[in-house]
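The values are calculated or read from the model by the stated rules, or taken from the named source; none is laboratory data. Owing to the predicted nature of the structure, the values given are computational and were not obtained by experimental measurement. Glycine gets a Cβ as well: all are built from the backbone with ideal geometry, and neighbour counts include every protein chain shown. Ligands, DNA and RNA are excluded from the accessible area calculation, which covers all protein heavy atoms including side chains. Shrake-Rupley method; radii C 1.70, N 1.55, O 1.52, S 1.80 Å.
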Amino acid sequence: MNNNDDQKNILGESHNDSYDIDKVATSNHQSDLKRRDFVGAMVGTIAAASMVSSTQAKGKTAEKNEEPLNIADFPLSIEEYDYEVVIVGSGFGGGVAAARASKRWPGKVLMVERGKRYGRNDFPRTFKELSNGFWRIPGDNVPRLFPLWGEQRGVFDFRSYDHMDTLVAAGYGGGSLIYGGGIIEPVSEDFDQTWPESIKRAKLKPYFELFKSCLGANQLPKTDEPERQLSRQALFETIASDAGKHRVDVDVGVFFGNDPANPTPAGTIDENRYGAEQTSCNYCGECIVGCNYQSKNSLDLNYLYVAENYFGMQVQTEHLVEKIVPLNELGEESKRADGRYGFHIYMVDLISKTAKRVKSQRVILAAGTYGSSEILFKNKKAYKTLPRVSDQLGQKYSGNGDFITLAWGSKVPTDVSRGPTIVQYIDHTSDQPIKAKQFIAEDMAIPLSILSDIVELTSPSYLVKRHLKQMLAKDDGNQDILVQVHVGLDNAAGEVSLNWFNGLRLNWPYYENMSLYEDIIEATKQAKRAIDAKQAIAFPTWTWPFRRNLTVHPLGGCVMADSSDEGVVSAALGERGRVFNYQNLFIADGSVIPSSLGANPAITIGALAEMIAEDITGIVPTKNLI
């Protein structure tokens with residue numbers, strides 16, 4: 001389907017699917033469009049307009065008025081210390097690399113993270129805290145949903161790209177700070193069709209198990225504790241049975257004590273097997289806004305904790321890496337050097353507003369799809385210090401097939417604000433032979449009180465606010481909202497690039513993935529009927545003509561391949577993750593993944609990072625991090 005085909009469906013199903021997707025006439029019955037459908041479409045359009053168009057307009061103005069961030073504009077200090085490894089970014093890839101590299105070179109590894117540390121009770125909860133909980137650095141010229149101006153260094157980095165809005169994290173632990181906890185291997189048998197042989201599922205399988213063990217992933221405990229019973233599991237079973245599908249319980253990266261078979265009571269504080277203090281999960285439902293009880297197994301409580309506390313890894317938080325320069329045999333900076341003699345890494349201290357230079361034999365980029373792509377783009381095109389990076393940089397971007405839908409008015413409580421965020425999925429993959437239509441439908445717990453504050457904070461129109469308030473209403477303390485996060489196999493045909501203001505941009509061909517999105521919408525209609533809900537919607541920004549998707553799992557841009565004509569980093573055994581045409585420069589994060597996964601990417605990123613770290617250190621990893 002092309003863009004014009006999508007627009008031809010204005011009065012058909014595509015027009016109204018983001019308001020009430022079960023009341024919409026099909027394109028063959030456009031004349032039957034009823035008044036309520038028109039009103040529904042208008043409300044959906046108002047919602048999208050309120051949340052998108054005004055912020056984008058202001059974002060573009062801000063972009064034109066700001067000078068790009070440049071390392072030369074800051075006073076420079078030079079650190080006289082030679083590191084073996086500098087790691088940029090502390091998410092799933094960086095955390096794994098940190099533990100493995102630090103064990104190989106104790107005291108000689110530096111972790112650089114743009115965000116803050118977050119400990120117990122540090123994540124924003126009050127309205128005032130939330131208003132300062134977002135990320136924006138003047139001069140980065142990234143189009144954002146919020147905030148639109150000023151400087152903030154909070155955990156939530158909202159971005160508003162071409163037909164793709166995105167939420168990523170900024171903080172020590174990266175995306176693990178606000179991920180939903182679901183540890184899900186790719187379900188589709190087809191996800192790796194285009195991958196190099198050296199990293200396909202069969203090769204990844206032992207690393208999946210390794211990562212799950214080190215992270216401490218396990219299934220929900222079987223217990224009689226009343227606070228640990230979730231009605232939405234039975235609800236999902238009803239939906240799956242009605243559709244003739246299978247419901248699957250997933251592993252979760254959540255702490256229930258050191259013996260999940262015999263969980264400690266909810267709320268009990270204990271040390272995990274690495275010595276970090278955690279709380280046995282109390283099912284508060286706040287995984288995706290940061291766990292203030294430290295019940296979620298974020299990387300700062302396992303991989304990063306071990307690297308820092310056992311092997312002396314140095315950590316610089318609130319530092320932003322801007323420039324990487326290879327050195328020649330004389331130790332001098334040279335754009336013609338290939339990295340075999342090491343690198344100078346330049347970073348900005350975001351607190352003191354000064355620049356710092358460090359030296360390292362190796363650099364591992366783990367700043368995520370946007371962060372690692374941006375760093376390489378700046379150093380290839382703006383600073384021109386890494387000119388030989390492959391021209392495939394920015395290609396094969398994927399939103400991982402993410403698509404959110406909601407249904408409300410169910411007569412059965414959904415426990416939408418309780419439990420770990422993701423505990424199960426319905427498989428729409430196994431019996432679907434067409435790869436482009438494969439997806440899973442996951443449950444999602446959301447903290448409604450915090451979501452309500454965000455609604456107030458973003459100041460939508462009166463009609464939208466009233467509409468959302470009604471949707472968020474509670475019935476005797478049991479919410480009747482069902483949120484589903486669908487993760488499918490999109491075509492990974494997006495392209496990331498750098499504009500004239502050194503701001504990252506994304507071209508996302510949403511219309512090429514319409515068959516996937518339409519099947520997801522059909523599945524949501526079926527779920528609505530199965531639970532006898534009153535209404536069901538796709539995420540409001542999907543309303544025509546905006547067609548703006550939302551992803552929390554951006555992938556690609558620096559993909560692994562067999563040659564520089566196909567990707568940015570090598571997939572060859574012994575040098576996996578190495579940037580083509582350079583020595584000692586590696587990438588270990590979601591940007592190297594060559595396609596959509598059709599599942600939450602944490603375990604795949606972690607497994608690939610274990611592979612890459614093995615090649616960097618020369619040590620076969622084990623389940624014993626210490």
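Going by the structure shown, is Asp427 closer than 26 Å to Ser90 by Cβ and touching a His at 6+ places or on another chain (Cβ under 8 Å)? Considered against the rule, which asks whether it is closer than 26 Å to Ser90 by Cβ and touching a His at 6+ places or on another chain (Cβ under 8 Å), Asp427 comes out as no. Looking across the range 225-257 at every residue that is in a loop (DSSP other than H, G, I, E, B) and at pLDDT 95 or above, the one that is nearest to Met444 (Cα to Cα) is identified as Val250. Of all residues in the range 555-570, those being open to solvent by less than 20 Å² (accessible area, probe 1.4 Å) and either assigned to a loop (DSSP other than H, G, I, E, B) or without any contact (Cβ under 8 Å) to a residue 60 or more places away in the chain (or both) number 8.
Residue by residue, here is whether (1) hydroxyl-bearing (Ser, Thr, Tyr); (2) touching a residue at least 12 places away in the same chain (Cβ under 8 Å); (3) in contact with a Ser or Thr (Cβ under 7 Å, 6 or more places away or on another chain) holds:
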site	(1), (2), (3)
Ala572	no, yes, yes
Arg576	no, yes, yes
Ser591	yes, yes, yes
Leu608	no, yes, no
Ile616	no, yes, no
Val620	no, no, no
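A single entry from Asn499, Asn507 fulfils the requirement of being among the polar types (S, T, N, Q) and either surrounded by 18 or more Cβ atoms within 10 Å (Cβ to Cβ) or at pLDDT below 95 (or both): Asn499. In this structure, is Thr268 closer than 29 Å to Thr429 by Cα and of a type in the set (S, T, N, Q)? Spelling it out, it is not the case that Thr268 is closer than 29 Å to Thr429 by Cα and of a type in the set (S, T, N, Q).
Among the candidates Tyr293, Tyr310, which residue alone is closer than 30 Å to Arg357 by Cα and either of a type in the set (S, T, N, Q) or at pLDDT 95 or above (or both)? So the residue among Tyr293, Tyr310 that is closer than 30 Å to Arg357 by Cα and either of a type in the set (S, T, N, Q) or at pLDDT 95 or above (or both) is Tyr310.
Surrounded by 23 or more Cβ atoms within 10 Å (Cβ to Cβ), in a loop (DSSP other than H, G, I, E, B) and touching a strand residue (DSSP E or B) at 6+ places or on another chain (Cβ under 6 Å), is that true of Tyr179? No. Name the single residue, out of those in the range 340-381 being assigned to a helix (DSSP H, G or I) and either in contact with a Cys (Cβ under 9 Å, 6 or more places away or on another chain) or modelled with pLDDT under 95 (or both), that is nearest to Val592 (Cα to Cα). Restricting to residues being assigned to a helix (DSSP H, G or I) and either in contact with a Cys (Cβ under 9 Å, 6 or more places away or on another chain) or modelled with pLDDT under 95 (or both), the top hit is Thr369. For the range 104-124, state whether one or more residues are in a helix (DSSP H, G or I) and either hydrophobic (A, V, I, L, M, F, W, C) or free of Cβ contacts under 8 Å to residues at least 40 places away in the same chain (or both). Within the range 104-124, none of the residues are in a helix (DSSP H, G or I) and either hydrophobic (A, V, I, L, M, F, W, C) or free of Cβ contacts under 8 Å to residues at least 40 places away in the same chain (or both). Candidates in the range 89-109 are the residues that are surrounded by fewer than 24 Cβ atoms within 10 Å (Cβ to Cβ) and of a type outside the set (Phe, Trp, Tyr); of these, the one that is nearest to Met347 (Cα to Cα) is Lys108. Does Leu597 qualify as being within 30 Å of Glu329 (Cα to Cα), touching a residue at least 40 places away in the same chain (Cβ under 8 Å) and either touching a Phe, Trp or Tyr at 6+ places or on another chain (Cβ under 6 Å) or assigned to a loop (DSSP other than H, G, I, E, B) (or both)? No, not satisfied.
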